[in-house]
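Comments concern the structure below.
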There are 2 protein chains.
Amino acid sequence: MEVTAPVSRHSPACMKVSQVLSRIGDKWSVLVIMLLRERSRRFSELKRGVEGISQRMLTLTLRNLERDGLVSRTVTPSIPPRVDYELTEMGHSLAEPVQALGAWAFRHVAQIDAAQARYDAEVGNLEACEQTPT
Amino acid sequence: MEVTAPVSRHSPACMKVSQVLSRIGDKWSVLVIMLLRERSRRFSELKRGVEGISQRMLTLTLRNLERDGLVSRTVTPSIPPRVDYELTEMGHSLAEPVQALGAWAFRHVAQIDAAQARYDAEVGNLEACEQTPT
DNA sequence: CAGTATCCGACATGATACTG
DNA sequence: CAGTATCATGTCGGATACTG
């Protein structure tokens, strides 16, 4: 169960873990995963669903997810072409801890906001006090 | 319990959630949090503990965590100065889902690696077939 | 429709040097 | 010791245009 202690925090495995975390951290992956959690979706459907995303970034995001084995890509050679994306089993299993993290974030949004506001106010004050012109 | 569905994926709250996820995703925050999970630590201790991190990035990481209210900073004005960092209660509560995610990542490292290798092999093949020189 | 290719600016990060 | 300041760089991401 222990993850960080026994692997000494610098083992190759730990590096890999960091990579996975990075994927989670990037702006779009989680959104896409959450969208695909309900059901498989087409490219354009995802594009509409995520809303801020550029075509390029959606492509790259899906590529990475597919590369990691989290999403499967199914091409239907028709005219116009149709490509469906779906969470793999591993993708679904990832969605759970991600969801847990999302739930935590959701619960603490207000508290974090408050902390930030307080911090910024203090920093602002300190900066205002600094009268060291050169 | 539902996070994404009822908030329509584009509410301001959801944006905030993304911010939190970004913090998790960045290379160092999680490492620092994990280190602080055991006990409070001094700046230089963290620097040694994380190992790849530059002084600058450790400072910035700690700053952000402090701003978010996840870490508390305690200065002991001595010579030489001493600064201790400690997870706040909220920081500790965040560590749990993060740990869960880390555990997932750890369990699936091999599978992800395999998926990547397979994907790269396929892409390599496809690229090798592409004989379209201009 | 579902991409790919290219250009470009913004930001993140590392290295280095200096300070209380 | 615990930072801060500055500079250089590399990656990320958006906009745009083109393709099968």
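Taking other residues whose beta carbon is less than 10 angstrom from the beta carbon of A:HIS108, and scoring Lys, Arg as +1 and Asp, Glu as -1, yields 0.
Pairwise Cα distances in segment A:44-93 exceed 13 Å for 62 percent of all pairs. Projecting 7 Å from Cα along the Cα-to-Cβ direction, the label point of B:LYS47 sits 4.9 nm from its equivalents in the other copies, listed shortest first. Restricting attention to segment A:16-130, close to 100% of DSSP beta bridges with both partner residues there are antiparallel. Other residues with beta-carbon under 12 Å from the beta-carbon of A:VAL71 carry, at +1 per Lys or Arg and -1 per Asp or Glu, a net charge of +1. Here the simple spin-label model places points 7 Å from the Cα toward Cβ, and for B:VAL123 and B:GLU96 these points are separated by 3.8 nm. Computed on segment A:16-130, with alpha-carbon pairs under 8 angstrom and 6+ residues apart, the relative contact order is 23 percent. Chain A versus the axis that turns it onto chain B: the residue with the nearest Cβ and the distance in whole Å amount to A:GLY25, 0. Please give the residues of segment A:86-105, grouped as numeric ranges, whose backbone N is less than 12 Å from a label point set 7 Å along the Cα-to-Cβ vector of A:GLN111. The answer is A:104-105. For the pair A:SER44 and B:GLU38, what calculated FRET efficiency results from E = 1/(1 + (r/R0)^6), where r is the Cβ-Cβ distance and R0 = 45 Å, to the nearest 0.05? Rounded to the nearest 0.05, the efficiency is 0.40. Near A:SER29, once Lys and Arg are set to +1 and Asp and Glu to -1 for all other residues with Cβ below 13 Å from its Cβ, the sum equals +2. Legend: residue pairs A:LYS27/B:LYS27; A:LYS47/B:LYS27; A:LYS27/A:LYS47; A:LYS27/B:LYS16, Cα-Cα distance threshold 19 Å; pairs beyond threshold, A:LYS47/B:LYS27. In the assembly of identical copies, A:SER11 has its label point, taken 7 Å from Cα in the direction of the beta carbon, separated from the corresponding points by 4.1 nm (ascending, one decimal).
Taking a quarter of the surface of the Cα convex hull of segment B:16-130 gives a mean projected area of 9.9 nm². Distances from B:VAL123 to itself in the other copies, using label points 7 Å out along the Cα-Cβ axis, amount to 3.6 nm in increasing order.
The numbers here are math on the coordinates, done by the rules we state, and not lab data. Just so you know, these numbers come straight off a predicted model, no measurement behind them. No Cβ is skipped: glycine too gets one built from the backbone with ideal geometry, and neighbour counts run over all protein chains shown.
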